[in-house]
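Chemist: Encoded as C-alpha coordinates, here's the structure I'll be asking about.
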Amino acid sequence: MFPKKTYMERRWKLKVQFDSGIILFLGNEESPMNYSDNTYKFRQDSNFLYFWGLDEPALAAVIDIDNNKEIIFGENVDLDDIIWMGPQPSLQEKAKDIGVKEARSLPELSDFLDTSREIHYLPTYRGDQVIHLSQLLDCDPAEVEFNASEKLIRAVVGLREQKTDEEVLQIETAVDLTAQMHIAAMEMLEPGMFEYEACGAMEGIALAAASRISFPSIFSVEGETLHNHYHGNQMKEGDILINDSGAESELHYAGDITRTIPVSGKFTGRQRDIYQIVLEANKTGIKASKPGITYKEVHLQAARVIAEGLKELGLMRGNLEEAVANGAHALFFPHGLGHMMGLDVHDMEGLGEDYVGYDEDTQRSDQFGLASLRLGKELKPGYVLTVEPGIYFIPELIDRWKEDGKHEAFINYDKVEEYKDFGGVRIEDDILITEKKQRILGMPIPKEVDEVERICQGE
Ligand code: GLY
Ligand code: MN
Ligand code: MN
(Lines give C-alpha, C1' and ligand atoms only; values in the text may rest on other atoms or scores of the structure.)
(Ligands and ions follow the chains in the order given, each with its own letter.)
Protein backbone atom coordinates (compact mmCIF):
# COMPACT_ATOMS: atom_id res chain seq x y z
CA MET A 1 0.00 0.00 0.00
CA PHE A 2 0.96 3.65 -0.27
CA PRO A 3 1.57 5.42 3.07
CA LYS A 4 -1.69 6.12 4.90
CA LYS A 5 -1.26 9.85 4.26
CA THR A 6 -1.90 9.22 0.55
CA TYR A 7 -5.32 7.68 1.19
CA MET A 8 -6.22 10.30 3.81
CA GLU A 9 -5.36 13.12 1.41
CA ARG A 10 -7.32 11.56 -1.44
CA ARG A 11 -10.42 11.21 0.75
CA TRP A 12 -10.00 14.74 2.06
CA LYS A 13 -9.79 16.12 -1.48
CA LEU A 14 -12.97 14.24 -2.29
CA LYS A 15 -15.03 15.18 0.73
CA VAL A 16 -14.33 18.90 0.56
CA GLN A 17 -16.28 18.85 -2.71
CA PHE A 18 -19.48 17.73 -0.93
CA ASP A 19 -21.74 19.73 1.41
CA SER A 20 -23.93 16.93 2.71
CA GLY A 21 -24.94 13.29 2.40
CA ILE A 22 -23.05 10.01 2.42
CA ILE A 23 -20.46 8.80 -0.08
CA LEU A 24 -20.62 5.04 -0.39
CA PHE A 25 -17.93 2.78 -1.88
CA LEU A 26 -18.33 -0.95 -2.34
CA GLY A 27 -15.23 -3.08 -2.67
CA ASN A 28 -15.39 -6.05 -5.02
CA GLU A 29 -16.49 -9.52 -3.97
CA GLU A 30 -14.82 -12.76 -4.95
CA SER A 31 -15.99 -13.82 -8.40
CA PRO A 32 -16.70 -17.54 -8.91
CA MET A 33 -15.44 -19.39 -11.99
CA ASN A 34 -17.61 -22.51 -11.82
CA TYR A 35 -18.72 -22.85 -8.20
CA SER A 36 -18.60 -20.38 -5.38
CA ASP A 37 -15.41 -21.58 -3.69
CA ASN A 38 -13.46 -21.79 -6.98
CA THR A 39 -12.85 -18.16 -7.78
CA TYR A 40 -11.01 -16.04 -10.36
CA LYS A 41 -7.98 -14.34 -8.92
CA PHE A 42 -9.37 -11.47 -6.85
CA ARG A 43 -9.15 -7.95 -8.30
CA GLN A 44 -10.21 -5.08 -6.09
CA ASP A 45 -12.31 -2.30 -7.54
CA SER A 46 -10.00 0.52 -8.68
CA ASN A 47 -11.98 3.30 -6.99
CA PHE A 48 -11.93 1.38 -3.74
CA LEU A 49 -8.19 0.87 -4.13
CA TYR A 50 -7.69 4.55 -4.86
CA PHE A 51 -9.46 5.91 -1.76
CA TRP A 52 -9.18 3.02 0.71
CA GLY A 53 -6.18 0.95 -0.43
CA LEU A 54 -7.40 -2.33 1.07
CA ASP A 55 -6.92 -5.12 -1.43
CA GLU A 56 -9.32 -7.82 -0.30
CA PRO A 57 -12.93 -8.85 -0.86
CA ALA A 58 -16.09 -8.11 1.13
CA LEU A 59 -15.40 -4.55 2.24
CA ALA A 60 -17.40 -1.36 1.98
CA ALA A 61 -16.62 2.15 3.12
CA VAL A 62 -18.46 5.38 3.67
CA ILE A 63 -17.66 9.03 4.11
CA ASP A 64 -20.45 10.59 6.15
CA ILE A 65 -20.19 14.22 5.14
CA ASP A 66 -22.76 15.55 7.62
CA ASN A 67 -21.06 13.95 10.62
CA ASN A 68 -17.50 14.15 9.29
CA LYS A 69 -16.87 10.42 9.71
CA GLU A 70 -15.13 7.73 7.70
CA ILE A 71 -16.06 4.12 8.37
CA ILE A 72 -14.82 0.82 6.96
CA PHE A 73 -17.31 -2.05 6.94
CA GLY A 74 -16.08 -5.64 6.80
CA GLU A 75 -15.76 -8.82 8.80
CA ASN A 76 -13.27 -9.83 11.41
CA VAL A 77 -11.92 -13.30 10.79
CA ASP A 78 -13.01 -16.05 13.12
CA LEU A 79 -11.15 -19.24 14.08
CA ASP A 80 -12.63 -21.12 11.15
CA ASP A 81 -11.23 -18.53 8.72
CA ILE A 82 -7.83 -18.68 10.41
CA ILE A 83 -7.74 -22.48 9.99
CA TRP A 84 -8.25 -22.12 6.22
CA MET A 85 -6.56 -18.79 5.51
CA GLY A 86 -4.02 -18.32 8.31
CA PRO A 87 -3.86 -15.49 10.86
CA GLN A 88 -5.18 -12.12 9.66
CA PRO A 89 -5.00 -8.59 11.05
CA SER A 90 -8.24 -7.34 12.57
CA LEU A 91 -10.50 -5.01 10.60
CA GLN A 92 -9.64 -2.27 13.10
CA GLU A 93 -5.91 -2.74 12.37
CA LYS A 94 -6.52 -2.61 8.63
CA ALA A 95 -8.58 0.56 9.06
CA LYS A 96 -5.76 2.13 11.05
CA ASP A 97 -3.29 1.44 8.22
CA ILE A 98 -5.31 3.73 5.95
CA GLY A 99 -6.05 6.40 8.53
CA VAL A 100 -9.65 5.36 9.24
CA LYS A 101 -10.72 5.39 12.88
CA GLU A 102 -13.94 3.45 12.75
CA ALA A 103 -14.50 -0.14 11.63
CA ARG A 104 -17.84 -1.93 11.76
CA SER A 105 -19.22 -5.25 10.70
CA LEU A 106 -20.60 -5.42 7.14
CA PRO A 107 -24.21 -6.33 8.09
CA GLU A 108 -24.39 -2.97 9.94
CA LEU A 109 -23.98 -1.08 6.65
CA SER A 110 -27.61 -1.48 5.67
CA ASP A 111 -28.86 0.13 8.91
CA PHE A 112 -26.24 2.86 8.68
CA LEU A 113 -27.44 3.92 5.24
CA ASP A 114 -30.38 6.14 6.02
CA THR A 115 -32.04 6.31 2.62
CA SER A 116 -33.71 9.61 3.49
CA ARG A 117 -30.26 11.16 3.15
CA GLU A 118 -28.52 11.69 -0.16
CA ILE A 119 -26.29 8.69 -0.89
CA HIS A 120 -23.65 9.21 -3.55
CA TYR A 121 -22.27 6.08 -5.18
CA LEU A 122 -20.44 5.22 -8.40
CA PRO A 123 -21.75 3.10 -11.27
CA THR A 124 -20.85 -0.54 -11.00
CA TYR A 125 -19.85 -3.05 -13.66
CA ARG A 126 -20.54 -6.27 -11.70
CA GLY A 127 -23.96 -7.90 -11.42
CA ASP A 128 -23.50 -8.90 -7.77
CA GLN A 129 -22.81 -5.28 -6.88
CA VAL A 130 -25.95 -4.12 -8.68
CA ILE A 131 -27.96 -6.48 -6.46
CA HIS A 132 -26.04 -5.45 -3.34
CA LEU A 133 -26.66 -1.77 -4.08
CA SER A 134 -30.33 -2.34 -4.85
CA GLN A 135 -30.72 -4.03 -1.45
CA LEU A 136 -28.77 -1.36 0.41
CA LEU A 137 -30.58 1.50 -1.27
CA ASP A 138 -33.95 -0.20 -1.31
CA CYS A 139 -34.45 0.30 -5.05
CA ASP A 140 -35.05 -1.79 -8.14
CA PRO A 141 -31.81 -3.21 -9.69
CA ALA A 142 -32.74 -1.47 -12.95
CA GLU A 143 -32.53 1.91 -11.16
CA VAL A 144 -29.08 1.35 -9.69
CA GLU A 145 -27.12 2.55 -12.71
CA PHE A 146 -29.48 5.45 -13.37
CA ASN A 147 -29.18 6.73 -9.79
CA ALA A 148 -25.38 6.72 -9.64
CA SER A 149 -24.06 10.13 -8.60
CA GLU A 150 -22.85 12.32 -11.45
CA LYS A 151 -21.33 14.67 -8.90
CA LEU A 152 -19.30 11.81 -7.42
CA ILE A 153 -18.27 10.54 -10.87
CA ARG A 154 -16.98 13.99 -11.85
CA ALA A 155 -15.18 14.44 -8.53
CA VAL A 156 -13.47 11.03 -8.78
CA VAL A 157 -12.43 11.59 -12.39
CA GLY A 158 -11.03 14.99 -11.42
CA LEU A 159 -8.83 13.39 -8.78
CA ARG A 160 -7.79 10.17 -10.50
CA GLU A 161 -6.94 11.70 -13.87
CA GLN A 162 -3.93 13.66 -12.63
CA LYS A 163 -1.33 11.19 -11.45
CA THR A 164 1.00 11.96 -8.56
CA ASP A 165 4.69 11.07 -8.55
CA GLU A 166 4.08 7.96 -6.47
CA GLU A 167 1.47 6.79 -8.97
CA VAL A 168 3.76 7.47 -11.92
CA LEU A 169 6.41 5.34 -10.21
CA GLN A 170 3.91 2.49 -9.95
CA ILE A 171 2.97 2.86 -13.62
CA GLU A 172 6.64 2.84 -14.59
CA THR A 173 7.15 -0.41 -12.66
CA ALA A 174 4.23 -1.88 -14.58
CA VAL A 175 5.61 -0.66 -17.91
CA ASP A 176 9.09 -2.01 -17.09
CA LEU A 177 7.65 -5.44 -16.45
CA THR A 178 5.56 -5.08 -19.60
CA ALA A 179 8.79 -4.27 -21.46
CA GLN A 180 10.33 -7.54 -20.29
CA MET A 181 7.27 -9.39 -21.60
CA HIS A 182 7.51 -7.69 -24.98
CA ILE A 183 11.23 -8.26 -25.40
CA ALA A 184 10.83 -11.92 -24.42
CA ALA A 185 8.06 -12.31 -27.00
CA MET A 186 10.31 -10.85 -29.71
CA GLU A 187 13.07 -13.26 -28.76
CA MET A 188 10.73 -16.23 -28.61
CA LEU A 189 8.68 -16.12 -31.80
CA GLU A 190 9.50 -18.44 -34.63
CA PRO A 191 7.62 -20.05 -37.50
CA GLY A 192 5.84 -23.24 -36.47
CA MET A 193 5.06 -22.07 -32.93
CA PHE A 194 1.46 -21.61 -31.84
CA GLU A 195 0.45 -18.21 -30.53
CA TYR A 196 -0.61 -19.70 -27.19
CA GLU A 197 2.85 -21.17 -26.58
CA ALA A 198 4.53 -17.80 -26.82
CA CYS A 199 1.67 -15.87 -25.20
CA GLY A 200 1.55 -18.25 -22.24
CA ALA A 201 5.30 -18.00 -21.69
CA MET A 202 5.11 -14.22 -21.97
CA GLU A 203 2.24 -13.89 -19.48
CA GLY A 204 4.21 -16.19 -17.16
CA ILE A 205 6.81 -13.42 -16.87
CA ALA A 206 4.18 -11.24 -15.18
CA LEU A 207 3.09 -14.07 -12.89
CA ALA A 208 6.68 -14.93 -12.00
CA ALA A 209 7.19 -11.33 -10.89
CA ALA A 210 4.27 -11.61 -8.44
CA SER A 211 2.19 -9.58 -10.89
CA ARG A 212 -0.60 -10.32 -13.31
CA ILE A 213 -1.64 -9.15 -16.74
CA SER A 214 -3.52 -5.85 -16.80
CA PHE A 215 -5.98 -6.97 -19.53
CA PRO A 216 -6.42 -10.08 -21.72
CA SER A 217 -3.44 -10.18 -24.09
CA ILE A 218 -4.00 -9.49 -27.76
CA PHE A 219 -1.39 -11.75 -29.32
CA SER A 220 -2.25 -12.62 -32.88
CA VAL A 221 -1.04 -12.93 -36.42
CA GLU A 222 -4.57 -11.84 -37.34
CA GLY A 223 -3.83 -8.33 -36.14
CA GLU A 224 -6.55 -6.79 -38.28
CA THR A 225 -9.03 -7.99 -35.64
CA LEU A 226 -8.54 -5.21 -33.13
CA HIS A 227 -9.26 -6.96 -29.84
CA ASN A 228 -8.35 -10.48 -30.93
CA HIS A 229 -8.16 -12.76 -27.89
CA TYR A 230 -7.81 -16.00 -29.87
CA HIS A 231 -4.35 -17.51 -29.51
CA GLY A 232 -4.73 -20.71 -31.53
CA ASN A 233 -2.97 -19.83 -34.80
CA GLN A 234 0.24 -21.54 -35.83
CA MET A 235 2.68 -18.82 -36.86
CA LYS A 236 4.21 -19.03 -40.34
CA GLU A 237 7.25 -17.63 -42.07
CA GLY A 238 6.35 -14.13 -43.26
CA ASP A 239 3.61 -13.51 -40.66
CA ILE A 240 3.58 -10.42 -38.47
CA LEU A 241 2.12 -10.65 -34.98
CA ILE A 242 0.49 -7.89 -32.96
CA ASN A 243 1.40 -8.19 -29.29
CA ASP A 244 -0.78 -5.81 -27.26
CA SER A 245 -0.28 -6.76 -23.63
CA GLY A 246 0.67 -5.44 -20.23
CA ALA A 247 1.36 -6.21 -16.60
CA GLU A 248 0.15 -4.62 -13.37
CA SER A 249 2.36 -3.08 -10.71
CA GLU A 250 2.22 -4.30 -7.11
CA LEU A 251 -0.49 -1.73 -6.34
CA HIS A 252 -2.42 -2.60 -9.54
CA TYR A 253 -1.43 0.23 -11.85
CA ALA A 254 -1.39 -0.88 -15.50
CA GLY A 255 1.07 -1.08 -18.36
CA ASP A 256 -0.30 -1.26 -21.92
CA ILE A 257 2.18 -1.67 -24.76
CA THR A 258 1.86 -2.87 -28.34
CA ARG A 259 4.63 -4.03 -30.60
CA THR A 260 4.32 -5.68 -33.99
CA ILE A 261 6.76 -8.53 -34.51
CA PRO A 262 7.95 -10.30 -37.68
CA VAL A 263 7.64 -13.99 -36.84
CA SER A 264 10.61 -15.01 -38.95
CA GLY A 265 12.79 -12.15 -37.67
CA LYS A 266 12.61 -9.91 -40.71
CA PHE A 267 9.86 -7.71 -42.13
CA THR A 268 9.03 -8.09 -45.81
CA GLY A 269 9.30 -4.90 -47.88
CA ARG A 270 5.55 -4.38 -47.81
CA GLN A 271 5.37 -4.93 -44.04
CA ARG A 272 8.26 -2.55 -43.48
CA ASP A 273 6.51 0.17 -45.51
CA ILE A 274 3.33 -0.03 -43.46
CA TYR A 275 5.29 -0.39 -40.21
CA GLN A 276 7.28 2.78 -40.90
CA ILE A 277 4.08 4.77 -41.40
CA VAL A 278 2.64 3.54 -38.10
CA LEU A 279 5.94 4.26 -36.35
CA GLU A 280 5.93 7.78 -37.73
CA ALA A 281 2.34 8.26 -36.54
CA ASN A 282 3.31 6.93 -33.10
CA LYS A 283 6.25 9.34 -32.83
CA THR A 284 4.17 12.25 -34.14
CA GLY A 285 1.43 11.49 -31.62
CA ILE A 286 3.91 11.32 -28.75
CA LYS A 287 5.68 14.53 -29.73
CA ALA A 288 2.43 16.46 -30.21
CA SER A 289 1.08 15.42 -26.78
CA LYS A 290 1.62 18.24 -24.31
CA PRO A 291 -0.41 20.51 -22.05
CA GLY A 292 -2.89 22.69 -23.91
CA ILE A 293 -3.51 20.57 -27.00
CA THR A 294 -6.62 18.42 -27.21
CA TYR A 295 -6.01 14.72 -27.71
CA LYS A 296 -8.55 14.87 -30.54
CA GLU A 297 -6.13 17.16 -32.38
CA VAL A 298 -3.23 14.78 -31.60
CA HIS A 299 -5.33 11.92 -32.98
CA LEU A 300 -5.97 13.91 -36.17
CA GLN A 301 -2.26 14.71 -36.56
CA ALA A 302 -1.44 11.00 -36.35
CA ALA A 303 -4.28 10.29 -38.81
CA ARG A 304 -2.74 12.77 -41.29
CA VAL A 305 0.62 10.99 -41.04
CA ILE A 306 -1.12 7.72 -41.78
CA ALA A 307 -3.00 9.20 -44.74
CA GLU A 308 0.19 10.73 -46.17
CA GLY A 309 2.06 7.43 -45.86
CA LEU A 310 -0.76 5.52 -47.48
CA LYS A 311 -0.91 8.06 -50.32
CA GLU A 312 2.79 7.49 -50.98
CA LEU A 313 2.06 3.78 -51.27
CA GLY A 314 -0.81 4.50 -53.66
CA LEU A 315 -3.51 3.30 -51.25
CA MET A 316 -5.01 6.73 -50.64
CA ARG A 317 -5.25 9.72 -52.95
CA GLY A 318 -6.58 13.24 -53.28
CA ASN A 319 -6.53 16.10 -50.80
CA LEU A 320 -5.50 14.52 -47.51
CA GLU A 321 -6.76 17.34 -45.28
CA GLU A 322 -10.18 16.68 -46.74
CA ALA A 323 -9.72 12.91 -46.60
CA VAL A 324 -8.95 13.01 -42.86
CA ALA A 325 -11.69 15.58 -42.13
CA ASN A 326 -14.13 13.21 -43.83
CA GLY A 327 -12.81 10.14 -42.01
CA ALA A 328 -11.57 8.27 -45.11
CA HIS A 329 -8.38 7.14 -43.31
CA ALA A 330 -10.56 5.25 -40.82
CA LEU A 331 -10.80 2.40 -43.32
CA PHE A 332 -7.22 1.65 -42.24
CA PHE A 333 -7.18 3.27 -38.76
CA PRO A 334 -10.66 2.63 -37.35
CA HIS A 335 -9.88 3.19 -33.66
CA GLY A 336 -8.81 6.03 -31.40
CA LEU A 337 -5.21 7.06 -30.85
CA GLY A 338 -5.32 6.27 -27.15
CA HIS A 339 -6.86 6.48 -23.72
CA MET A 340 -6.01 7.44 -20.16
CA MET A 341 -4.23 4.76 -18.15
CA GLY A 342 -3.80 4.25 -14.41
CA LEU A 343 -5.40 1.80 -12.00
CA ASP A 344 -7.42 0.63 -15.00
CA VAL A 345 -5.86 0.02 -18.36
CA HIS A 346 -8.66 2.15 -19.85
CA ASP A 347 -8.61 4.36 -16.82
CA MET A 348 -11.97 4.92 -15.11
CA GLU A 349 -13.85 3.56 -18.12
CA GLY A 350 -16.36 2.01 -15.70
CA LEU A 351 -17.40 5.53 -14.69
CA GLY A 352 -18.38 6.38 -18.26
CA GLU A 353 -15.99 7.06 -21.15
CA ASP A 354 -17.30 10.53 -21.84
CA TYR A 355 -16.78 11.73 -18.25
CA VAL A 356 -13.13 10.68 -18.56
CA GLY A 357 -12.27 11.59 -22.11
CA TYR A 358 -14.48 14.56 -22.99
CA ASP A 359 -15.72 17.79 -21.46
CA GLU A 360 -17.80 20.84 -22.33
CA ASP A 361 -15.17 22.13 -24.73
CA THR A 362 -14.48 18.86 -26.54
CA GLN A 363 -17.38 16.64 -27.55
CA ARG A 364 -17.16 13.13 -28.94
CA SER A 365 -17.54 12.91 -32.71
CA ASP A 366 -20.00 10.49 -34.25
CA GLN A 367 -17.82 9.91 -37.33
CA PHE A 368 -16.69 6.30 -37.86
CA GLY A 369 -13.19 5.93 -36.38
CA LEU A 370 -13.10 9.23 -34.50
CA ALA A 371 -16.17 8.10 -32.56
CA SER A 372 -14.00 5.38 -31.01
CA LEU A 373 -11.52 7.88 -29.59
CA ARG A 374 -11.76 7.39 -25.84
CA LEU A 375 -9.81 10.51 -24.93
CA GLY A 376 -10.48 13.74 -26.81
CA LYS A 377 -10.14 16.56 -24.30
CA GLU A 378 -7.30 18.97 -23.61
CA LEU A 379 -4.24 17.39 -22.05
CA LYS A 380 -2.97 18.49 -18.63
CA PRO A 381 0.24 17.78 -16.71
CA GLY A 382 -0.07 14.54 -14.77
CA TYR A 383 -2.20 12.75 -17.36
CA VAL A 384 -0.94 9.28 -18.28
CA LEU A 385 -2.15 8.05 -21.63
CA THR A 386 -1.40 5.70 -24.47
CA VAL A 387 -0.39 6.59 -28.02
CA GLU A 388 -1.36 3.66 -30.21
CA PRO A 389 -1.85 4.27 -33.92
CA GLY A 390 -2.35 1.35 -36.25
CA ILE A 391 -2.97 0.40 -39.86
CA TYR A 392 -5.16 -2.60 -40.59
CA PHE A 393 -6.59 -4.25 -43.66
CA ILE A 394 -9.97 -5.65 -42.61
CA PRO A 395 -11.30 -7.55 -45.65
CA GLU A 396 -14.98 -7.30 -44.61
CA LEU A 397 -14.73 -3.54 -44.03
CA ILE A 398 -12.87 -3.01 -47.31
CA ASP A 399 -15.51 -5.00 -49.23
CA ARG A 400 -18.35 -3.05 -47.65
CA TRP A 401 -16.84 0.38 -48.28
CA LYS A 402 -15.87 -0.57 -51.82
CA GLU A 403 -19.36 -1.86 -52.54
CA ASP A 404 -20.83 1.37 -51.18
CA GLY A 405 -18.32 3.46 -53.13
CA LYS A 406 -17.41 5.13 -49.84
CA HIS A 407 -14.74 7.85 -49.98
CA GLU A 408 -13.79 6.80 -53.53
CA ALA A 409 -12.15 10.19 -54.05
CA PHE A 410 -9.62 9.33 -51.34
CA ILE A 411 -9.21 5.55 -51.50
CA ASN A 412 -7.66 3.57 -54.32
CA TYR A 413 -9.66 0.38 -53.90
CA ASP A 414 -7.81 -1.47 -56.70
CA LYS A 415 -4.55 -1.09 -54.79
CA VAL A 416 -6.20 -1.86 -51.44
CA GLU A 417 -7.31 -5.23 -52.89
CA GLU A 418 -3.64 -6.24 -53.03
CA TYR A 419 -3.32 -5.79 -49.24
CA LYS A 420 -6.35 -7.76 -48.11
CA ASP A 421 -4.13 -10.55 -46.75
CA PHE A 422 -1.85 -8.14 -44.89
CA GLY A 423 -3.20 -8.22 -41.32
CA GLY A 424 -2.33 -5.20 -39.19
CA VAL A 425 0.35 -3.17 -37.48
CA ARG A 426 -0.04 -1.28 -34.18
CA ILE A 427 2.62 0.42 -32.05
CA GLU A 428 1.65 1.62 -28.56
CA ASP A 429 3.55 3.48 -25.88
CA ASP A 430 2.51 4.87 -22.50
CA ILE A 431 3.33 8.50 -21.81
CA LEU A 432 3.12 11.07 -19.01
CA ILE A 433 2.16 14.66 -19.79
CA THR A 434 4.69 16.83 -17.98
CA GLU A 435 4.60 20.59 -17.22
CA LYS A 436 5.67 21.53 -20.75
CA LYS A 437 5.89 18.35 -22.81
CA GLN A 438 5.63 14.63 -22.30
CA ARG A 439 7.81 11.66 -21.43
CA ILE A 440 7.61 8.03 -22.47
CA LEU A 441 7.18 5.87 -19.37
CA GLY A 442 9.30 2.87 -18.51
CA MET A 443 12.42 1.41 -20.05
CA PRO A 444 12.77 1.75 -23.81
CA ILE A 445 11.14 -1.06 -25.74
CA PRO A 446 12.55 -1.54 -29.23
CA LYS A 447 10.36 -0.19 -31.99
CA GLU A 448 12.69 0.88 -34.82
CA VAL A 449 12.65 -1.70 -37.63
CA ASP A 450 16.31 -2.70 -37.29
CA GLU A 451 16.13 -2.88 -33.47
CA VAL A 452 13.08 -5.13 -33.56
CA GLU A 453 14.63 -7.35 -36.23
CA ARG A 454 17.89 -7.66 -34.29
CA ILE A 455 16.10 -8.79 -31.14
CA CYS A 456 13.90 -11.18 -33.10
CA GLN A 457 17.03 -12.69 -34.62
CA GLY A 458 18.56 -13.19 -31.18
CA GLU A 459 21.25 -10.53 -31.46
N1 GLY B 1 -5.07 -3.03 -24.73
C2 GLY B 1 -6.16 -2.50 -25.43
C3 GLY B 1 -5.85 -1.13 -25.77
O4 GLY B 1 -4.73 -0.84 -26.12
O5 GLY B 1 -6.66 -0.27 -25.68
MN1 MN C 1 -2.95 -1.92 -25.71
MN1 MN D 1 -4.18 0.90 -25.10
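Chemist: Could you count how many residues in the stretch 330-356 are without any contact (Cβ under 8 Å) to a residue 24 or more places away in the chain and crowded, with 22+ Cβ neighbours inside 10 Å?
Modeler: Counting residues in the stretch 330-356 that are without any contact (Cβ under 8 Å) to a residue 24 or more places away in the chain and crowded, with 22+ Cβ neighbours inside 10 Å gives 0.
Chemist: Among the residues of the stretch 387-419 satisfying the criterion of being open to solvent by 10 Å² or more (accessible area, probe 1.4 Å) and under 29 Å from the mean Cα position of the chain (by Cα), which is nearest to TYR295 (Cα to Cα)?
Modeler: Only one residue fits best here, namely GLU388.
Chemist: Now, a different point. I'm trying to understand the selection: among the residues of the stretch 357-386, which are open to solvent by less than 10 Å² (accessible area, probe 1.4 Å) and in a helix (DSSP H, G or I)?
Modeler: GLY357
Chemist: Further question on the same structure: From ASN228, ASN233, which residue is modelled with pLDDT under 95 and open to solvent by less than 40 Å² (accessible area, probe 1.4 Å)?
Modeler: ASN228 is the lone residue from the list that is modelled with pLDDT under 95 and open to solvent by less than 40 Å² (accessible area, probe 1.4 Å).
Chemist: Also, quick follow-up: Quick one: LYS266 ticks every box in (1) of a type in the set (D, E, K, R); (2) over 20 Å from GLY442 (Cα atoms); (3) more than 16 Å from ligand 1 (Cβ to nearest atom); (4) out of contact with any helix residue (DSSP H, G or I) (no Cβ under 6 Å at 6 or more places or on another chain) except a single one, so which number is it?
Modeler: The single condition LYS266 does not satisfy is (4).
Chemist: Spot the failing condition for ILE391; the list is (1) of a type in the set (Val, Ile, Thr); (2) out of contact with any helix residue (DSSP H, G or I) (no Cβ under 6 Å at 6 or more places or on another chain); (3) over 23 Å from ALA174 (Cα atoms), and only one is missed.
Modeler: That leaves (2) as the condition not met.
Chemist: Follow-up question, since we're still on this one. Out of VAL387, VAL356, VAL416, I need the residue that is within 16 Å of ligand 1 (Cβ to nearest atom) and over 25 Å from ALA148 (Cβ atoms). Which one?
Modeler: Only one candidate passes the filter, namely VAL387.
Chemist: Take the stretch 420-435 and flag every residue that is away from ligand 2 (no atom under 16 Å from the Cβ), of a type in the set (D, E, K, R) and open to solvent by less than 60 Å² (accessible area, probe 1.4 Å).
Modeler: LYS420 - this is the single residue of the stretch 420-435 that is away from ligand 2 (no atom under 16 Å from the Cβ), of a type in the set (D, E, K, R) and open to solvent by less than 60 Å² (accessible area, probe 1.4 Å).
Chemist: Here's another thing I want to ask about it. Which of the residues that make up the stretch 215-227 are more than 8 Å from ligand 1 (Cβ to nearest atom) and either touching a Gly at 6+ places or on another chain (Cβ under 9 Å) or part of a loop (DSSP other than H, G, I, E, B) (or both)?
Modeler: Residues satisfying the conditions are PRO216, SER217, SER220, VAL221, GLU222, GLY223, GLU224, THR225, LEU226.
Chemist: Mind listing whichever residues of the stretch 11-60 are over 22 Å from the mean Cα position of the chain (by Cα), of a type in the set (A, V, I, L, M, F, W, C) and under 19 Å from GLU166 (Cα atoms)?
Modeler: Selection gives TRP12, LEU14.
Chemist: Follow-up question, since we're still on this one. Regarding the stretch 313-328, can at least one residue be identified that is open to solvent by 10 Å² or more (accessible area, probe 1.4 Å), closer than 18 Å to ILE274 by Cα and either assigned to a helix (DSSP H, G or I) or of a type in the set (A, V, I, L, M) (or both)?
Modeler: Checked against the condition, which is being open to solvent by 10 Å² or more (accessible area, probe 1.4 Å), closer than 18 Å to ILE274 by Cα and either assigned to a helix (DSSP H, G or I) or of a type in the set (A, V, I, L, M) (or both), the stretch 313-328 yields at least one hit.
Chemist: What residue, among those in the stretch 219-244 that are in contact with a helix residue (DSSP H, G or I) (Cβ under 7 Å, 6 or more places away or on another chain) and within 16 Å of ligand 3 (Cβ to nearest atom), is farthest from THR178 (Cα to Cα)?
Modeler: SER220
Chemist: I'm trying to understand the selection: among the residues of the stretch 245-262, which are in a loop (DSSP other than H, G, I, E, B) and either free of Cβ contacts under 8 Å to residues at least 12 places away in the same chain or more than 13 Å from ligand 3 (Cβ to nearest atom) (or both)?
Modeler: Selection gives SER249, GLU250, LEU251, HIS252, TYR253.
Chemist: Just need a number here: residues in the stretch 381-437 that are touching a residue at least 24 places away in the same chain (Cβ under 8 Å) and under 18 Å from GLU308 (Cα atoms).
Modeler: The qualifying residues number 18.
The values are calculated or read from the model by the stated rules, or taken from the named source; none is laboratory data. Bear in mind the structure is a predicted one, so any value in this text is a computation, not a measurement. As a convention, Cβ positions derive from the backbone with ideal geometry for all residues, glycine included, and neighbour counts pool all protein chains shown. Keep in mind that these areas ignore ligands, DNA and RNA; they rest on the heavy atoms of the full protein, side chains included. Shrake-Rupley method; radii C 1.70, N 1.55, O 1.52, S 1.80 Å.
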